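A short worksheet on the structure shown next.
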Amino acid sequence: MQENEVATRLEAARAYARQAQELIVSRISGPARSLSVDTKTSITDMVTDVDRAVEKLLVAGIREDFPQDRIVGEEFGDDGGDGPFAWVVDPIDGTTNFIYGFPAYAVSIAVRDLSQDATVCGVVLDVPRDRLYEAARGMGAFVDGRRISVTGQSRLSESLVATGFGYAAEVRRAQGAMVSELLPLVRDIRRAGAASLDLCMVACGELDGYYESGLWPWDFMAGAIIVEEAGGKVSGGLEPTPGAAMTIATNGAIHDELRHLVVSLAARHGSKS
Ligand code: IPD
Ligand code: CA
């Protein structure tokens, strides 16, 4: 893998994210604001015409510039491609927030090197805060060009920890039971509603840690490399790597303690880890 192949893709990812932001902002500014909302896996799992339009924009840009690359997006799935790189995109992470105008939603773009099965760079654009987070493997993590790093907090009891909930009622019941046991053991809990931003907030020190079960690759892949490049740690629960079962991201210092607790609470409450 050539370093400049990654650099070219990171630069392109930044440009696609900015184009996506323009499209999103154009759809929510002015008197013409109107969203068409459908539901997916449950009545709580929503998607809008803007999510779909943004994904089409991202895919068209990537296809034109990198015709061989594979592209996987949340709304339209696998767009094919048999090159050594794969793009994993979430056009709007935090769709519920986007619909309500709650200011926490983002465009998330990760690039993977398939020969190494590893993410090589990622961009998360926080649309309402107009902040662009990015990282490339071995090059550090940045927000708007400024280097970021995780907190130094080493006590879980003094840590600010975020989590998130899935869209199925049964899954939420177990996730809620876990949180109720975790809450007295940490400084406080946050649930902002966009996994990619939870991860970026760990990366830049706005949170000490984050965990969530049931994430999809487009939710966490870009944010995960940003946490790692900011000096943090990302893992699964029982599994070494993050995935559908569990994603845990921390400043590193509280990682083992949080992971151990999350795994044992998940087992007690019948949640995946
Ligand atoms: C969701 C958000 C949310 C998380 C859910 C995700 P979406 O993504 O990241 O914070 O709790 O698990 O599915 O549906 O808004 O793209
Ligand atoms: Ca989404």
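The numbers here are math on the coordinates, done by the rules we state, and not lab data. Predicted, not measured: the structure shown is a model, and the values here were computed from it. For neighbour counting, all protein chains shown are included, and Cβ atoms are generated from backbone atoms with ideal geometry for every residue, glycine included.
If I model a spin label at GLU11 and ALA169 as a point 7 Å from the Cα along the Cα→Cβ vector, what separation in nanometres do I get?
It works out to 5.3 nm between the two label points.
Sorted from largest down, what three extents in whole angstroms do the Cα atoms of region 159-269 have along their principal axes?
Largest to smallest, the principal-axis extents are 34, 28, 25 Å.
Once all Cα-Cα distances of region 2-147 are split into 10 Å bins that start at 0, what whole-number percent is in each one?
11, 42, 33, 13, 1
If you build a Gaussian network model of the chain, linking Cα atoms that sit under 10 Å apart, which residue out of SER157, SER26, SER235 swings the most?
Sorting by GNM fluctuation, first place goes to SER26.
Would you mind checking which residues have amide H under 5 Å from SER42's amide H? H placed 1.01 Å from N; only 5 or more apart, or other chain.
When sequence neighbours closer than 5 places are left aside, there are no close amide H contacts.
Under the rule of at least 5 residues apart or a separate chain, name every residue whose amide H is placed under 5 Å from the amide H of ILE71.
Those qualifying (amide H under 5 Å, at least 5 residues apart or on another chain) are ASP79, GLY80, TRP87.
Please determine, in degrees from 0 to 90 and to the nearest 10, the orientation of helix 169-182 with respect to the longest principal axis defined by the Cα atoms of the chain, where the helix direction is its Cα long axis.
That works out to roughly 50 degrees.
As a footprinting exposure proxy, order VAL72, VAL179, VAL54 by other Cβ within 10 Å, with the fewest listed first.
Starting with the residue having the fewest Cβ neighbours, the order is VAL179, VAL72, VAL54.
Computed over the Cα atoms of the chain, what is the ratio Rg over Rh, Rh following Kirkwood?
That ratio is 0.96, to two decimals.
Take GLN68 and GLU181, extend 7 Å from each Cα along the Cα→Cβ direction, and tell me the distance between the two endpoints in nm.
5.0 nm
Considering just Cα atoms, how many Å³ per residue does the convex hull of region 36-81 enclose?
Cα convex hull per residue, to the nearest whole number: 51 Å³.
Order these by the 10 Å Cβ neighbour count, fewest first: LEU114, LEU156.
So the ranking, lowest neighbour count to highest, is LEU114, LEU156.
With 10 angstrom as the radius, rank VAL111, VAL263 by how many other C-beta atoms surround their C-beta, starting from the fewest. Walk me through the numbers on the way to the answer.
Values: VAL111 29, VAL263 18.
The fewest-first ordering by Cβ neighbours comes to VAL263, VAL111.
Could you go through region 63-77 in sequence order and give the Karplus-derived ³J(HN,Hα) for each residue, using 6.51 cos²θ - 1.76 cosθ + 1.60 with θ = phi - 60°, rounded to whole Hz, and x for Gly and Pro?
Values, residue by residue: 4, 5, 7, 9, x, 7, 5, 7, 10, 10, x, 5, 8, 10, x Hz.
Return, ordered by residue number, the residues of region 122-139 whose backbone nitrogen is under 18 Å from a label point located 7 Å along Cα→Cβ of ARG146.
Answer for region 122-139: 124-135.
In whole Hz and in residue order, list the ³J(HN,Hα) couplings for region 102-112 that follow from phi through the Karplus curve 6.51 cos²θ - 1.76 cosθ + 1.60, θ = phi - 60°; x for Gly and Pro.
For region 102-112, the Karplus-derived couplings read 6, x, 8, 8, 8, 9, 10, 9, 10, 10, 10 Hz, x marking Gly and Pro.
What angle, in degrees between 0 and 90 and rounded to the nearest 10, separates the Cα long axis of helix 217-229 from the longest principal axis of the Cα atoms of the chain?
70 degrees
To the nearest 10 degrees, how steep is helix 255-269 against the longest Cα principal axis of the chain, on a 0 to 90 scale?
With both axes taken from Cα atoms, the answer is about 80 degrees.
Rounded, prolate or oblate, given the Cα gyration tensor of region 6-72, with a/c below 1.5 counting as rounded? Spell out each step's value before the answer.
On the way: a/c = 2.94, a/b = 1.58, b/c = 1.86.
Oblate shape, in that a/c is at least 1.5 and b/c is the bigger or equal ratio.
Among the lysines, which fall within straight-line cross-link reach of LYS56, defined as a Cα-Cα distance under 30 Å, with same-chain neighbours fewer than 8 residues apart omitted?
LYS40
Give, as a single signed number, the net charge of other residues whose beta carbon lies under 15 Å from the beta carbon of HIS260, with Lys and Arg counted +1 and Asp and Glu -1.
0
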